[in-house]
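The values are calculated or read from the model by the stated rules, or taken from the named source; none is laboratory data. Every value quoted in this text rests on a predicted model; they were computed, and no experiment measured them. Note: ideal-geometry Cβ built from the backbone for every residue, glycine included; neighbour counts use all protein chains shown.
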């Protein structure tokens with residue numbers, strides 16, 4: 001090692017902190033100028049951690065389920081009567097659905113309807129939250145060789161979750177519809193009016209930009225629209241709910257706070273490329 | 001690698017795991033900030049500036065934050081802790097905590113402002129407030145544990 005005089009060494013140690021602070025500024029600029037480098041570093045780390053967190057998430061979720069089970073024991077009576085009522089209601093709907101299904105099939109047969117091709121999908125485990133403080137996203141463990149691509153649509157068993165925005169070799173990051181950068185073109189089911197679902201980092205994204213004269217109705221179903229070629233039409237997203245301040249929000253169908261598994265559908269939609277980084281300018285130009 | 005650096009890195013990794021805690025991202029950032037401030041104040045030799053830099057990079061990568069934001073906030077918090085070292089370490093715990101309140105609010109505000117600026121949008125301030133609040137509330141608890149460690153395991157003379 002090079003021998004340095006004591007005053008020189010002291011001066012050098014005093015300089016370290018300012019130099020590193022300058023380095024932090026440099027990192028800020030680099031991260032902004034070249035999003036790909038940071039994204040690669042992030043996904044490389046995610047690739048290492050995803051299998052480990054995947055192993056961890058099994059026992060952790062069984063612990064959570066155990067706690068839930070204990071809690072449910074105390075509400076057994078109310079749950080039971082609520083479920084009985086719900087079952088009654090659903091039985092009626094089932095009858096309606098079966099009748100409509102038969103009618104739909106008959107009409108399609110008469111019209112020589114060209115059926116939509118069944119989309120291919122893969123199912124992946126959600127291994128960790130990948131949002132940080134200022135974003136809402138989840139990390140999936142995909143395993144090598146799985147056909148996952150940017151822009152694929154993620155759904156849980158109930159509804160729309162989000163889209164794949166970043167890809168690693170063994171992991172993928174899905175930006176949720178609640179993320180502040182998320183914009184989803186939607187259709188209000190009863191009026192068939194188009195609107196945009198705007199994430200706000202909260203649990204309930206907002207509905208905006210509906211045409212004048214057809215505002216969202218409380219309790220109305222909202223589905224995706226094929227506009228902008230980012231999502232296929234008709235995926236269930238949620239129901240409209242007005243806040244006390246008369247703001248139209250959406251209660252998502254998907255259980256976004258407790259995602260365990262999602263299905264990634266490949267609809268071949270490449271109309272809007274997925275944002276490159278965790279936080280990007282909404283609607284901004286995205287590099288491939 | 002010293003004890004403070006390793007434990008802070010471990011804290012970051014553990015709090016990035018799918019524990020399902022409410023506000024887990026805030027806990028992660030706040031907990032590590034407490035550690036950085038504590039060690040910067042009481043034993044900067046065990047957590048040199050370069051370690052703070054690397055921990056910040058790890059935190060930014062884990063939190064999917066714009067690169068450099070956490071690094072900058074932590075280096076500044078660490079720098080302040082070092083600068084106040086002479087005066088603060090002689091004062092009582094309560095005053096150290098008050099100083100940390102200022103640092104935690106400043107760090108959260110800086111992170112919020114920088115992230116907002118870099119993403120060209122006004123991010124919700126509630127998340128930053130929660131982060132600062134958790135850090136302020138967590139500091140006394142962590143300080144008790146870290147003071148123990150500071151006097152025993154992390155002290156090379158007693159190791």
I'm trying to understand the selection: among the residues of segment B:57-83, which are more than 14 Å from the chain's Cα centre (by Cα), surrounded by 18 or more Cβ atoms within 10 Å (Cβ to Cβ) and farther than 17 Å from residue B:27 by Cβ? B:61, B:66, B:67, B:68
Residue within segment A:39-58 that is under 24 Å from residue A:263 (Cβ atoms) and more than 11 Å from chain B (Cβ to nearest Cβ) present: yes
Tally the residues that are facing chain A (nearest Cβ under 9 Å) and either in contact (Cβ under 8 Å) with a residue 12 or more places away in the chain or assigned to a loop (DSSP other than H, G, I, E, B) (or both), restricting the search to segment B:109-121. 8
Conditions (1) surrounded by fewer than 24 Cβ atoms within 10 Å (Cβ to Cβ); (2) more than 17 Å from residue B:108 (Cβ to Cβ); (3) at the interface with chain A (Cβ under 7 Å from one of its Cβ atoms); number of the one not met by residue B:24: (2)
Considering only residues that are at pLDDT 90 or above, away from chain B (no Cβ under 14 Å) and farther than 25 Å from residue A:226 by Cβ, which ones fall in segment A:105-154? A:106
In the set A:119, A:115, A:144, the lone residue that is farther than 24 Å from residue A:44 by Cβ and touching a residue at least 12 places away in the same chain (Cβ under 8 Å) is A:119
Mind listing whichever residues of segment B:22-58 are over 10 Å from residue B:131 (Cα atoms) and not in a helix (DSSP H, G or I)? B:22, B:43, B:44, B:45, B:46, B:47, B:48
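For (1) outside any helix (DSSP H, G or I); (2) at pLDDT 90 or above; (3) out of contact with any helix residue (DSSP H, G or I) (no Cβ under 9 Å at 6 or more places or on another chain), each residue gets a yes or a no:
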{"position": "A:1", "(1), (2), (3)": "yes, no, yes"}
{"position": "A:21", "(1), (2), (3)": "no, yes, no"}
{"position": "A:26", "(1), (2), (3)": "no, yes, yes"}
{"position": "A:36", "(1), (2), (3)": "no, no, yes"}
{"position": "A:65", "(1), (2), (3)": "no, no, yes"}
{"position": "A:78", "(1), (2), (3)": "no, yes, yes"}
Going through segment B:55-64 in order, the residues found to be over 16 Å from residue A:25 (Cβ atoms) and facing chain A (nearest Cβ under 10 Å) are B:58, B:59, B:61, B:62, B:63, B:64
Residues in segment A:92-129 that are in contact with a helix residue (DSSP H, G or I) (Cβ under 7 Å, 6 or more places away or on another chain) and either surrounded by fewer than 12 Cβ atoms within 10 Å (Cβ to Cβ) or assigned to a loop (DSSP other than H, G, I, E, B) (or both): how many? 0
Looking at B:73, B:67, which is the one that is touching a residue at least 40 places away in the same chain (Cβ under 8 Å) and facing chain A (nearest Cβ under 10 Å)? B:73
